[in-house]
Amino acid sequence: MSKPVNVYSIGEVAQRLDEEVPIVFYRLGYKQTFKLVDTKLIIGYSIAVIAAISFLLDKKFGHNNVIQYQYLLVALYFILSGAFWYFKKFIERSILYTGSNKEKNTIINFKRNIVEGEPIYQSNFDVKFESGETKTLDVALEINKVFNENGYLQTDLFFQWVKKQMENIESKRN
């Protein structure tokens, strides 16, 4: 059994539920995909490599000898930094979990949002079916439904809640 959390701290509660999400979707037959994380890492490492190249060129050859290259590297740095910001702000947008189910030919993006001071875990299920059809479900989970009074997450209740939401999405499809 896991450690108890302070059920009056929405941050602790959200973190514990966030840790449980991949396990729940695995039990539902989904395999987690890391395309968003990989893309973010590639952009971030590219930014770091450009900064390192800029530093090394400046150190080895002197600033005046590599000024044209520095202009190019600074421009690339700003372009990649802008791309990273755009990716985080508009593409990734608080996506907590991305997974696919080969049997059902579905892809899911699970997002969550918390409002400080409210004991609610706001969830967004965005499911794309093989036909290209997309169904979205926004639903709130009251934390006292899945945490007991001692602060332990009741994983089976959380699993059942997520399973019910997925069944609701599939029923809306037909």
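Quick notes on this structure:
- Expressed as a whole percent, the accessible area of segment 1-148 that falls on carbon and sulfur atoms is 59 (1.4 Å probe).
- Long-range HN-HN contacts of residue 141 with modeled amide H, under 5 Å: 121, 122, 123
- Based on C-alpha pairs under 8 angstrom that are at least 6 apart in sequence, segment 4-154 has a relative contact order of 25 percent.
- Gyration tensor verdict on segment 1-61 (Cα atoms; rounded if a/c is under 1.5, prolate if a/b is larger than b/c, oblate otherwise): oblate
- Mean Kyte hydropathy of -0.5 or more with a Cα span along the axis of at least 30 Å, helices from DSSP in the chain: 35-61
- Taking amide H as placed 1.01 Å from N in the peptide plane, the amide H of residue 28 sits under 5 Å from none that are at least 5 places away or on another chain.
- Backbone phi angles across segment 89-98, fed through the Karplus curve with coefficients 6.51, -1.76 and 1.60 (θ = phi - 60°), yield HN-Hα couplings of 7, 10, 9, 6, 5, 6, 6, 8, 8, 10 Hz in residue order; Gly and Pro are listed as x.
- Dipole in debye (nearest 20) - segment 102-174, about Cα centre, beta carbon charges: Lys, Arg +1; Asp, Glu -1: 300 debye
- Accessible surface area normalised per residue over segment 1-157 is 65 Å², counting heavy atoms of protein chains with a 1.4 Å rolling probe.
- Total charge dipole magnitude, segment 1-67, about the Cα centre, Cβ charges on Lys, Arg, Asp, Glu only, Debye to nearest 20: 200 debye
- Proximity of backbone amide H atoms, modeled 1.01 Å from N, is registered between residue 147 and 154 at under 5 Å, excluding neighbours fewer than 5 places apart on the same chain.
- 12 Å beta-carbon shell around residue 170, net charge (K/R +1, D/E -1): +4
- Dipole magnitude for the chain: about 520 debye, using +1 per Lys or Arg Cβ and -1 per Asp or Glu Cβ, origin at the Cα centre.
- Alpha-carbon centroids, segment 102-174 and segment 1-29: separation in whole Å: 13 Å
- Top of 162, 115, 139 by mean-square fluctuation, Gaussian network on the chain, Cα under 10 Å: 115
- Per-residue 3J(HN,Hα) values for segment 125-134, derived from phi via the Karplus relation 6.51 cos²θ - 1.76 cosθ + 1.60 with θ = phi - 60°, read 9, 10, 10, 10, 8, 4, 6, x, 5, 10 Hz in sequence order (x marks Gly and Pro).
- Rg/Rh for segment 78-174 stands at 1.05; both radii use Cα atoms, and Rh follows the Kirkwood definition.
- For segment 42-131, the set of GluC sites (Glu not before Pro) satisfying both a DSSP loop assignment and a count of at most 12 other C-beta atoms within 10 Å is given as 103, 116, 130.
- Per-q log10 I(q)/I(0), the chain, q = 0.13, 0.17 Å⁻¹ (Debye; single scatterer per alpha-carbon; no solvent): -0.76, -1.04
The values are calculated or read from the model by the stated rules, or taken from the named source; none is laboratory data. Note that the structure is a prediction, hence the values are computed from the model and not measured. Cβ sites come from the backbone with ideal geometry, for glycine too, and all protein chains shown count toward neighbours. Just so you know, the surface numbers come from the protein's heavy atoms only, side chains and all, with ligands and any DNA or RNA stripped out. Shrake-Rupley method; radii C 1.70, N 1.55, O 1.52, S 1.80 Å.
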